[in-house]
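Colleague: First the structure, which I've put down as structure tokens, then a few questions once you've had a look.
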Amino acid sequence: MLINQKNLILGHGIPKEIKIRNNVELPCPERGNTYSKYGFISTLEVGESFEVNGDTPGFKAKSLAPAAYAIAKQVRTTTRNKKFTVACRTVHGTCKDPLVVGCWRTA
């Protein structure tokens, strides 16, 4: 929906919650989820692994696998390392309710 230019000039088209600012520097674009707490996965060497369990502060076993596979995909698309792969397995518990999940850098 287009706003009538006259209403915009009179200040009737911009909500009060929105503040128009001048001379604000545009931040550099970022690719992917670079602020993920699982970002350290991209630094693993082949053969290295780690586990996340219920006692790991700030991390949940259930969220490890999706995050690890997303990080691996990001590494493959943004770097020259097209073979970067990880594998995640439930070590204790069930797939639907994991207690301990491990993550291995496989290639």
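Colleague: Of the residues in segment 52-81, how many are under 24 Å from residue 99 (Cβ atoms), over 12 Å from the mean Cα position of the chain (by Cα) and loosely packed, with under 15 Cβ neighbours inside 10 Å? Write out each step before concluding.
Modeller: Start the filter on segment 52-81 by keeping residues that are under 24 Å from residue 99 (Cβ atoms), which leaves 52-72.
This time we only want the ones that are over 12 Å from the mean Cα position of the chain (by Cα), so: 52-62, 65.
After this cut, where a residue has to be loosely packed, with under 15 Cβ neighbours inside 10 Å as well, the list is 54-58, 60.
Counting residues in segment 52-81 that are under 24 Å from residue 99 (Cβ atoms), over 12 Å from the mean Cα position of the chain (by Cα) and loosely packed, with under 15 Cβ neighbours inside 10 Å gives 6.
Colleague: Please work out which one of (1) in contact (Cβ under 8 Å) with a residue 24 or more places away in the chain; (2) part of a loop (DSSP other than H, G, I, E, B) is the condition residue 103 fails and give its number.
Modeller: Only one criterion in (1) in contact (Cβ under 8 Å) with a residue 24 or more places away in the chain; (2) part of a loop (DSSP other than H, G, I, E, B) is unmet by residue 103, namely (2).
Colleague: Could I ask something else about it? Considering only residues of segment 37-48 that are free of Cβ contacts under 8 Å to residues at least 40 places away in the same chain and assigned to a loop (DSSP other than H, G, I, E, B), which is surrounded by the most Cβ atoms within 10 Å (Cβ to Cβ)? Before the answer, list the steps.
Modeller: Pass one, segment 37-48, residues free of Cβ contacts under 8 Å to residues at least 40 places away in the same chain: 37-40, 43.
Those still in the list that are assigned to a loop (DSSP other than H, G, I, E, B) too: 37-38.
Details: 37: 10, 38: 17.
Once the filter is applied, the top-ranked residue is 38.
Colleague: Within segment 49-84, how many residues turn out to be in a loop (DSSP other than H, G, I, E, B) and touching a helix residue (DSSP H, G or I) at 6+ places or on another chain (Cβ under 7 Å)?
Modeller: To start, the set of residues in segment 49-84 that are in a loop (DSSP other than H, G, I, E, B) comprises 54-60, 79-84.
This time we only want the ones that are touching a helix residue (DSSP H, G or I) at 6+ places or on another chain (Cβ under 7 Å), so: 54, 81-82, 84.
Residues in segment 49-84 being in a loop (DSSP other than H, G, I, E, B) and touching a helix residue (DSSP H, G or I) at 6+ places or on another chain (Cβ under 7 Å): 4 in total.
Colleague: Condition first: surrounded by fewer than 13 Cβ atoms within 10 Å (Cβ to Cβ) and modelled with pLDDT of 80 or more. Can you find one or more residues in segment 3-15 that meet it? Explain how you work it out, then say what you get.
Modeller: Filtering segment 3-15 for residues surrounded by fewer than 13 Cβ atoms within 10 Å (Cβ to Cβ) gives 3-12, 14-15.
Retained after the next criterion (residues that are modelled with pLDDT of 80 or more): none.
So far as segment 3-15 goes, no, none of its residues is surrounded by fewer than 13 Cβ atoms within 10 Å (Cβ to Cβ) and modelled with pLDDT of 80 or more.
The values are calculated or read from the model by the stated rules, or taken from the named source; none is laboratory data. Predicted model, so just to flag it, every value in this text is computed and none were measured. All Cβ positions, glycine included, derive from the backbone under ideal geometry; neighbour counts span all protein chains shown.
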